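Comments concern the structure below.
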Amino acid sequence: MHERNSVAELVNSLRGELDRYREGGKLPSSRALVERYRVSPVTVSRAVARLVAEGLVVTRPGAGAFRAPPRTEARAPGDTSWQEISLSGDGGPEAVPRTVDASGVLVTLAAPPAGVIELNGGYLHPSLQPERALSAALARAGRRHCAWGRPPMDGLAELRSWFAREIGPAVTPADVLITAGGQSALATALRALAPPGAPVLVESPTYPGMLAAARAIGLRPVPVPVDADGVRPELLDAAFRATGARVFVCQPLFQNPTGTVLAPGRRREVVAIARAAGAFVIEDDFARRLVHDDAGPLPAPLAADDPDGVVVHVCSLTKITSPSLRVGALAARGPVLERLRAIQVVDSFFVPRPLQEAALELVGSPAWHHHLRTMAGELRNRRSALTAALRQELPELTVPLVPSGGGALWLRLPDAGADSSALVAAALREDVAIAPGRPYFCAEPPAEHVRLSFGAAAGTAEIAEGVRRLRSAHDSLLGRRGASERSVSLPS
């Protein structure tokens with residue numbers, strides 16, 4: 001049985017038996033629990049630790065585990081209604097509202113209920129995560145000298161060097177800051193480059209987490225449409241001129257959600273347009289390590305050929321490993337680097353050293369390259385399974401692009417009467433979770449879309465079953481719509 005399931009089952013059993021013991025009564029010893037439930041000592045230790053965290057059990061070194069005293073009754077909730085006034089106060093006519101809407105991010109972060117097929121996730125399925133390699137790396141990291149000491153503010157020198165080599169030969173370790181994942185790096189870059197109230201140009205559609213971060217610090221996202229070759233340079237130039245923006249955020253490689261790759265002829269043009277406007281380009285290179293094994297050679301990051309410091313580069317190890325390995329990097333040149341460094345120090349001081357040491361151990365091990373090769377094949381297989389299932393079950397949904405990287409497909413719904421929110425709700429009733437397309441737009445969407453993740457699925461069989469359930473959800477909507485139209489047409 002899987003260790004996680006064993007722990008959960010033992011916790012449930014012990015929780016149900018606690019009423020047999022008086023307050024302060026001693027629970028059976030670890031050895032007795034191992035023999036009784038036929039589980040490992042590690043499972044017993046983790047189950048007891050979970051009960052301690054719940055406040056149901058207390059442990060005493062050398063004595064064992066005991067039933068905890070009953071919890072004190074919770075106080076009646078206070079009156080927090082005053083906060084509505086305080087949080088909505090603008091502080092002046094020029095202030096910009098900073099309401100935080102995380103709904104577009106939560107769709108891909110929250111775990112679905114049991115039995116629901118997850119086609120909306122933002123991370124690899126646990127079966128694809130290199131859990132054994134990560135555990136080994138963390139164990140080795142813990143034995144490193146000063147592993148729990150205070151790290152350098154900018155990050156471990158060896159890790160900064162590794163990221164610099166990955167970005168390109170023009171980037172030096174001195175240009176790199178280690179961050180707590182890509183989301184933190186994006187938020188830091190946005191705060192550093194634009195004051196509250198300023199416009200920031202973004203691809204349309206784009207990553208909802210970046211839109212939420214921008215709005216949370218008072219920026220005004222302005223959409224610049226993308227096509228099959230990425231952002232359109234002539235529209236980018238026009239947007240800079242019309243808004244006076246000094247920042248453009250883009251994902252040149254396997255853009256989220258469309259999967260597009262910025263065309264070779266547009267790469268230099270985009271940087272040149274920003275340079276002429278006196279603006280920065282924030283390059284979110286989140287998907288470089290999510291490449292599929294049928295992709296051709298990948299273009300270098302925009303930051304790899306940027307002597308003038310126009311590009312602020314963001315990348316991370318999180319997507320290709322685990323949601324909990326929150327280790328990423330910011331790379332920049334010139335005075336902006338000091339501002340990025342200052343904001344990061346004020347916000348979080350530094351990234352915990354054990355995580356940095358574990359990341360170093362991981363990327364320096366043979367398991368790292370094996371994992372990258374394995375994922376390149378696994379993601380391609382899952383992508384192929386999803387596209388095949390959609391063609392067979394839901395040909396009504398248009399797949400504008402089948403990407404050779406990333407972990408999701410972007411689907412356009414039929415124009416006639418389409419409603420992505422209704423389809424998402426109907427799908428959940430059929431026990432399959434998908435992501436609505438509207439949160440990926442910072443203005444009115446030109447059409448209705450949904451996003452389906454193949455990287456979050458357990459395998460090709462689950463993908464096929466998920467699409468079959470989505471077909472049922474789609475049909476149920478058509479049936480309801482037809483019934484509604486018939487009822488409207490009936491004479492009064």
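A quick yes/no check of all residues on (1) within 18 Å of the chain's Cα centre (by Cα); (2) part of a loop (DSSP other than H, G, I, E, B); (3) not hydroxyl-bearing (Ser, Thr, Tyr):
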residue: 171; (1), (2), (3): no, yes, yes
residue: 174; (1), (2), (3): no, no, yes
residue: 183; (1), (2), (3): yes, no, yes
residue: 187; (1), (2), (3): yes, no, yes
residue: 196; (1), (2), (3): no, yes, yes
residue: 213; (1), (2), (3): yes, no, yes
residue: 218; (1), (2), (3): no, yes, yes
residue: 222; (1), (2), (3): no, no, yes
residue: 225; (1), (2), (3): no, no, yes
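Scanning the stretch 222-254 for residues that are surrounded by 24 or more Cβ atoms within 10 Å (Cβ to Cβ) and within 21 Å of residue 102 (Cβ to Cβ) yields 249, 251.
Condition check ((1) acidic (Asp, Glu); (2) touching a residue at least 40 places away in the same chain (Cβ under 8 Å)) across all residues:
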| position | (1), (2) |
| --- | --- |
| 6 | no, no |
| 19 | yes, no |
| 23 | yes, yes |
| 28 | no, no |
| 35 | yes, no |
| 54 | yes, no |
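Just to be sure, is residue 484 over 25 Å from residue 321 (Cα atoms), polar (S, T, N, Q), in a helix (DSSP H, G or I) and modelled with pLDDT of 85 or more?
no
Out of the residues in the stretch 227-265 meeting the condition of being assigned to a loop (DSSP other than H, G, I, E, B) and farther than 27 Å from residue 289 by Cα, tell me which one is farthest from the chain's Cα centre (by Cα). The qualifying residue farthest from the chain's Cα centre (by Cα) is 244. Only one of the numbered conditions (1) exposed (fewer than 13 other Cβ atoms within 10 Å of the Cβ); (2) modelled with pLDDT under 95 is not met by residue 436, and that is (1). Being surrounded by fewer than 24 Cβ atoms within 10 Å (Cβ to Cβ), among the small types (Gly, Ala, Ser), over 22 Å from the mean Cα position of the chain (by Cα) and within 24 Å of residue 225 (Cβ to Cβ), is that true of even one residue in the stretch 309-320? There is no residue in the stretch 309-320 that is surrounded by fewer than 24 Cβ atoms within 10 Å (Cβ to Cβ), among the small types (Gly, Ala, Ser), over 22 Å from the mean Cα position of the chain (by Cα) and within 24 Å of residue 225 (Cβ to Cβ). Screening residue 283 against (1) at pLDDT 95 or above; (2) at positive phi leaves a single unmet condition, (2). Residues of the stretch 107-138 being modelled with pLDDT under 90 and surrounded by fewer than 16 Cβ atoms within 10 Å (Cβ to Cβ), which ones? The answer is 109, 110, 111, 113, 114, 115.
Scan the stretch 148-169 residue by residue and report those that are among the small types (Gly, Ala, Ser), surrounded by fewer than 16 Cβ atoms within 10 Å (Cβ to Cβ) and assigned to a loop (DSSP other than H, G, I, E, B). Residue satisfying the conditions is 149 alone. Within this structure, residue 91 passes the test of being small (Gly, Ala, Ser), part of a loop (DSSP other than H, G, I, E, B) and either at pLDDT 90 or above or closer than 28 Å to residue 342 by Cα (or both).
The values are calculated or read from the model by the stated rules, or taken from the named source; none is laboratory data. Since we're looking at a predicted model, the values are computed, not measured. We place every Cβ from the backbone using ideal geometry, glycine too, and count neighbours over all the protein chains shown.
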